[in-house]
2 protein chains.
Amino acid sequence: VERRCATVEELVEAIRELAVRGAPSLGVAAAMGMALAAERASDEGFEAELDRSRALLAGSRPTAVNLVWGLEQTDAARAPGGTPAEVRERLAALAARIQEDEVERGRRMGAHGAALLARGARVLTHCNAGPLACGGHGSALAVIRHAAEDDPSLHVWVAETRPLLQGARLTAWELGQLGVDHTLVVDSAAGQLFARGLVDAVVVGADRICANGDVANKVGTYTLSVLARAHGVPLIVVAPSSTVDTGLPSGSQIPIEERDPQEVLAVAGVPVAPAGTRAANPAFDVTPAANVSAIVTEEGVHRPPYAFRPAAALAS
Amino acid sequence: VERRCATVEELVEAIRELAVRGAPSLGVAAAMGMALAAERASDEGFEAELDRSRALLAGSRPTAVNLVWGLEQTDAARAPGGTPAEVRERLAALAARIQEDEVERGRRMGAHGAALLARGARVLTHCNAGPLACGGHGSALAVIRHAAEDDPSLHVWVAETRPLLQGARLTAWELGQLGVDHTLVVDSAAGQLFARGLVDAVVVGADRICANGDVANKVGTYTLSVLARAHGVPLIVVAPSSTVDTGLPSGSQIPIEERDPQEVLAVAGVPVAPAGTRAANPAFDVTPAANVSAIVTEEGVHRPPYAFRPAAALAS
């Protein structure tokens, strides 16, 4: 299903409902949202309308650094001022460029990360970090896609990723489209796969990466990282450089979004717990750098101690 | 909903569909099933009909040792021979006794296990090991119930337990009935709870316990055991002695039931993955004794090195 957002409000709603999701896509959406706001705003009150739209977009998801990064790029595009027509044109060009860059970034992440996987590797992945989340080739899925192109024996274990089942709904679909061999499992079956020696690498995306290499990603990533470490299996995080927040020294500073308990209490609209049950629904968890083997960005493979370039340097 | 099984075939179907489930309940069901078979069998061909029913029951679930244990008790009750009427009476009395014993066992497990929990403990549990699985007070839930009776500040984290959501559907319901404070989480959120220091103990049931203390239980238990160990949190296994299979030296000999992939591919009848997706659905995993802090039975608290009495000694 394609969903068109004709106003910033519709886009914010789509972000809130996770129709637009995944760190890189949120960066694109932020820039697209501001270009949209500029296109629709009348010349009168133009700047005030853009400021209002920026605030709406910034408030749509508290954890995703890419959203903030995308908005900061639009701040820079607005900074020189000029007529509303000029600002509209600059914001539209910026949004298009950020999207194109995302496609190219995916290609590079894929090539860098695939080099870390042995032939016939059995790769476990969690949530969705493919084209539906990132545009282009995705991040974690770009690595899997690149590796599978040269190695049809590659196998992917797809964790279903409760509560919203992005693994089952999105990653399994994308792997099917790509013709990559894969098997779906419930999240808690991962332990047994490790114990039976059936996992050679864990490859996941990231929503936010700290200067020290701590990684915020979909809830359950930390659980997988503990299992991977206990079994001597590498955990590889794949994300564009825009996901790195060098302003955050470590993961303890990352705010964790607590989402609607209904996502846990019902599946596909069907209640799965007694009425009145209380549920906790943290959307993310933080995987400490000690549990991460490598962080792959479009720039290459990063190993500890990490020395990421600040985001400002990336934007130039 | 109450479900009546008027024939052994209906009972076997109920066991296959997990309408009757949980190790202790399966022991009761095996004896009840044989008593039912005897009640319905005509005097002519009586023994052959009982043998046929026994084979049906034995084939209904391959992993549960309690089922086999229950059937062995009925073998002993049949062994002295006699008229069909006499055998019917002995099997009915045996089934009633096994059920009553289960209730008493639950009370004892509850008392022994509750002594291991500190006041105000935050307990994580997985799957369902309560009255619905065990009759009486359950096993893991008997411990929680007993502890909560003296300590209203006890809190239970309920892992939903995909694919069949026994945690959400059954354990949350039972805790609600008992008035015990609890919060439901998706299975993969457990890691974050440990990382944030919110779990003081893991309390789970068991489907099969080996002589060395290895434990087969619902898939995901092993994952929790690795997390518990990594965070220095005790994992307490609670089960009646009939769950201990002293004939099995270690967990590597336990056959793991692979269940219908549809349980993963759909939730409450709603497909959650693209058509044609392959899924693996192991029903159990094996937690090594090294990850288990204590095993609680009706006899008391067992610590390594384990010296369980053989099942034959228990039956006497």
Test: residue in region A:269-276 that is farther than 23 Å from A:Ser60 by Cα, at pLDDT 90 or above, more than 10 Å from chain B (Cβ to nearest Cβ) and in contact with a Gly (Cβ under 6 Å, 6 or more places away or on another chain): no
Test: B:His126 is within 14 Å of another protein chain (Cβ to nearest Cβ) and surrounded by fewer than 21 Cβ atoms within 10 Å (Cβ to Cβ): no
Failed criterion for B:Leu18 (all others in (1) at negative phi; (2) not in a helix (DSSP H, G or I) hold): (1)
When residues of region A:181-198 are limited to those that are surrounded by fewer than 23 Cβ atoms within 10 Å (Cβ to Cβ) and in a loop (DSSP other than H, G, I, E, B), the one farthest from the other protein chains (Cβ to nearest Cβ): A:Gly197
Top-ranked residue in region B:1-57 [being without any contact (Cβ under 8 Å) to a residue 60 or more places away in the chain and hydroxyl-bearing (Ser, Thr, Tyr); ranked as surrounded by the most Cβ atoms within 10 Å (Cβ to Cβ)]: B:Ser53
Residue match in region B:33-50 (condition: at pLDDT 95 or above and among the hydroxyl-bearing types (Ser, Thr, Tyr)): yes
Qualifying positions in region A:255-264 - surrounded by 14 or more Cβ atoms within 10 Å (Cβ to Cβ) and more than 7 Å from chain B (Cβ to nearest Cβ): A:Ile256, A:Glu257, A:Arg259, A:Pro261, A:Glu263
Sole residue being touching a Pro at 6+ places or on another chain (Cβ under 6 Å) and within 27 Å of B:Ala239 (Cβ to Cβ), chosen from B:Glu72, B:Glu102: B:Glu102
Given (1) under 23 Å from the mean Cα position of the chain (by Cα); (2) under 28 Å from A:Val296 (Cα atoms), number of the condition A:Arg4 does not satisfy: (2)
Matching residues, region B:197-220, being charged (D, E, K, R) and modelled with pLDDT of 95 or more: B:Asp200, B:Asp214, B:Lys218
Number of the exception - A:Leu91 against (1) over 25 Å from A:Ser241 (Cβ atoms); (2) buried (at least 20 other Cβ atoms within 10 Å of the Cβ): (1)
Filtered residues of region A:147-180 (kept if touching an Asp or Glu at 6+ places or on another chain (Cβ under 9 Å), more than 10 Å from every other protein chain (Cβ to nearest Cβ) and closer than 15 Å to A:Leu124 by Cβ): A:Ala148, A:Leu154, A:His155, A:Val156, A:Gln166, A:Val180
Qualifying residue in region A:283-305 (condition: among the polar types (S, T, N, Q), within 21 Å of A:Asn128 (Cα to Cα), out of contact with any Leu (no Cβ under 7 Å at 6 or more places or on another chain) and within 14 Å of another protein chain (Cβ to nearest Cβ)): yes
Residues of region B:109-135 that turn out to be out of contact with any Ser or Thr (no Cβ under 7 Å at 6 or more places or on another chain), touching a residue at least 60 places away in the same chain (Cβ under 8 Å) and within 21 Å of B:Ala19 (Cα to Cα), as a count: 1
Lone unmet requirement of (1) touching a residue at least 60 places away in the same chain (Cβ under 8 Å); (2) crowded, with 20+ Cβ neighbours inside 10 Å for A:Leu170: (1)
Out of A:His126, A:His155, A:His137, A:His182, sole residue that is over 30 Å from A:Ser42 (Cβ atoms), touching a Lys or Arg at 6+ places or on another chain (Cβ under 9 Å) and at pLDDT below 95: A:His137
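Is it the case, given these coordinates, that B:Ile236 is surrounded by 16 or more Cβ atoms within 10 Å (Cβ to Cβ) and within 13 Å of another protein chain (Cβ to nearest Cβ)? Break it down into steps so the answer makes sense when it comes.
On the way: surrounded by 16 or more Cβ atoms within 10 Å (Cβ to Cβ): yes; within 13 Å of another protein chain (Cβ to nearest Cβ): no.
Spelling it out, it is not the case that B:Ile236 is surrounded by 16 or more Cβ atoms within 10 Å (Cβ to Cβ) and within 13 Å of another protein chain (Cβ to nearest Cβ).
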Which numbered condition A:Val296 misses (of (1) more than 23 Å from A:Val123 (Cβ to Cβ); (2) surrounded by 15 or more Cβ atoms within 10 Å (Cβ to Cβ); (3) at pLDDT 95 or above): (1)
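Say we look at region A:239-254 and pick out the residues that are over 16 Å from the mean Cα position of the chain (by Cα) and under 20 Å from A:Asn291 (Cα atoms); which of these is surrounded by the fewest Cβ atoms within 10 Å (Cβ to Cβ)?
This residue is A:Ser252.
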Residue check, B:Val143 closer than 30 Å to B:Arg309 by Cα and in contact (Cβ under 8 Å) with a residue 12 or more places away in the chain: yes
Identity of the residue in region A:199-214, over 17 Å from B:Thr223 (Cα atoms) and within 13 Å of chain B (Cβ to nearest Cβ), that ends up surrounded by the fewest Cβ atoms within 10 Å (Cβ to Cβ): A:Asp214
Residue match in region B:220-229 (condition: surrounded by fewer than 17 Cβ atoms within 10 Å (Cβ to Cβ) and more than 29 Å from A:Ala172 (Cα to Cα)): no
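The values are calculated or read from the model by the stated rules, or taken from the named source; none is laboratory data. All values derive from a computational prediction rather than experimental measurement. With ideal geometry, Cβ positions are generated from the backbone for all residues, glycine too; neighbour counts draw on all protein chains shown.
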